[in-house]
1. Expressed as a whole percent, how much of the Cα-Cα distance distribution for the stretch 215-343 exceeds 24 Å?
2. Residues of the stretch 317-340 with backbone nitrogen within less than 18 Å of a virtual label 7 Å along the Cα-to-Cβ line of LEU267, please, listed as ranges.
3. Just tell me which lysines come within less than 17 Å, Cα to Cα, of LYS199; anything on the same chain fewer than 8 places away is out.
4. What angle, in degrees between 0 and 90 and rounded to the nearest 10, separates the Cα long axis of helix 312-323 from the longest principal axis of the Cα atoms of the chain?
5. Expressed in nm², what is the orientationally averaged projection area of the convex hull enclosing the Cα positions of the stretch 296-343?
6. Where does the charge balance sit around THR68 when Lys and Arg score +1, Asp and Glu -1, over other residues with C-beta under 13 Å from its C-beta?
7. Let me know the Kirkwood hydrodynamic radius for the chain, please, with Cα pairs as the basis and the value in Å to one decimal.
8. What angle, in degrees between 0 and 90 and rounded to the nearest 10, separates the Cα long axis of helix 241-267 from the longest principal axis of the Cα atoms of the chain?
Amino acid sequence: MEEQKKDVLILAIETSCDETAAAVVKNGREVLSNTIYTQIKLHTMFGGVVPEIASRKHIEKINIVIETALKEADVTLEDIDAIAVTYGPGLVGALLVGVAEAKALAYAAKKPLVGVHHIEGHISANYIEHKELEPPFLCMVASGGHSHLVLVKGYGEYEIIGRTRDDAAGEAFDKVARAIGLGYPGGPKIDKLAKEGNKKAIAFPRAKITDAPDDFSFSGLKSAVLNYLNQCQMKGEEVNRADVAASFQQSVTDVLTEHTVGAAKRLGINKVAIAGGVASNSSLRAQMEEACRKNGIEFYHPSPIFCTDNAAMIGVAGYYEYIKGIRDGWDLNAKPNLKIGER
């Protein structure tokens with residue numbers, strides 16, 4: 001029997017939205033390179049991501065991003081053990097660019113192909129800087145398209161404990177940012193402006209779903225902010241945008257923190273992690289850390305660069321799939337509505 005090579009190198013590709021990214025990851029925990037080409041400036045003028053433009057830019061940039069990732073890691077395609085790629089969920093056109101590229105490279109270089117779930121990638125980002133973190137743990141995934149409370153039972157083994165009933169947390173941030181004239185992307189802009197405001201200035205709602213205490217709903221909060229802005233306009237009152245940003249952000253932070261810590265206590269889980277774009281929010285990180293400390297729960301979070309879309313997290317998730325023996329064929333396709341745990 002052939003002795004297993006000591007190190008496993010994964011080349012990872014991520015194109016689910018408006019970031020073209022490639023990375024080389026060693027043994028599932030060490031990032032040798034993490035190259036990201038972001039299209040944020042391009043989409044800002046439209047107030048959000050335009051799928052067709054995103055797909056076109058991915059096609060333009062993907063080869064150079066992969067070449068850069070290999071060069072920075074000081075490896076060649078021959079050194080790579082497998083190619084991992086995000087195949088869902090996300091924008092179908094954007095996903096197809098990454099999947100087609102990964103299949104072409106895997107075929108040409110005779111390397112195994114491993115399809116990775118985008119959200120499972122976000123969760124796996126926590127392994128990069130926390131070498132000691134191992135399942136089981138509870139992870140709050142909050143991003144532009146997703147708000148999930150996930151029980152990580154093992155590597156690649158997930159159970160959704162709670163999910164959003166309507167708007168995702170990041171989606172609410174973008175919509176409120178647009179309403180108060182901050183523009184796109186909403187999350188970082190609200191986070192920055194909120195630091196100048198009073199988080200107790202306006203009593204925005206915190207939705208609770210009676211029959212599903214771990215589920216989320218942010219559409220009522222978004223409507224409450226819009227109603228507040230409309231009422232101010234009708235009365236001719238000046239809007240303090242910093243107070244609106246701070247009060248809105250506090251409402252989201254309270255809900256995410258209470259649900260996560262509450263579920264961890266109920267399930268007897270003493271490790272909590274956060275992931276996704278909203279996980280880079282300074283208010284959420286601080287409040288979640290404090291709540292976990294008070295309840296004797298270990299708290300983990302990735303650095304902001306690993307919260308937003310990147311390929312390093314895909315390489316980590318891909319590594320654990322690869323060593324489990326999971327391989328995908330040339331029929332691997334983009335699945336824009338892929339559910340966690342599905343293949």
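Derivation of every value follows stated rules applied to the coordinates shown; laboratory data play no part. Keep in mind it's a predicted model, so treat the numbers as computed, not measured. Cβ placement follows ideal geometry from the backbone for every residue including glycine, while neighbour counts extend to all protein chains displayed.
1. Result: 51 percent of Cα pairs exceed 24 Å.
2. It comes to 339-340, nothing else.
3. Partners within reach: LYS189, LYS222.
4. Between helix and principal axis, roughly 50 degrees.
5. With the hull built on Cα positions only, its mean projection is 5.4 nm².
6. Taking every other residue near THR68 into account, the sum is -1.
7. Working: mean 1/r = 0.0486 Å⁻¹.
Result for the chain stands at 20.6 Å.
8. Roughly 60 degrees, rounded to the nearest 10.
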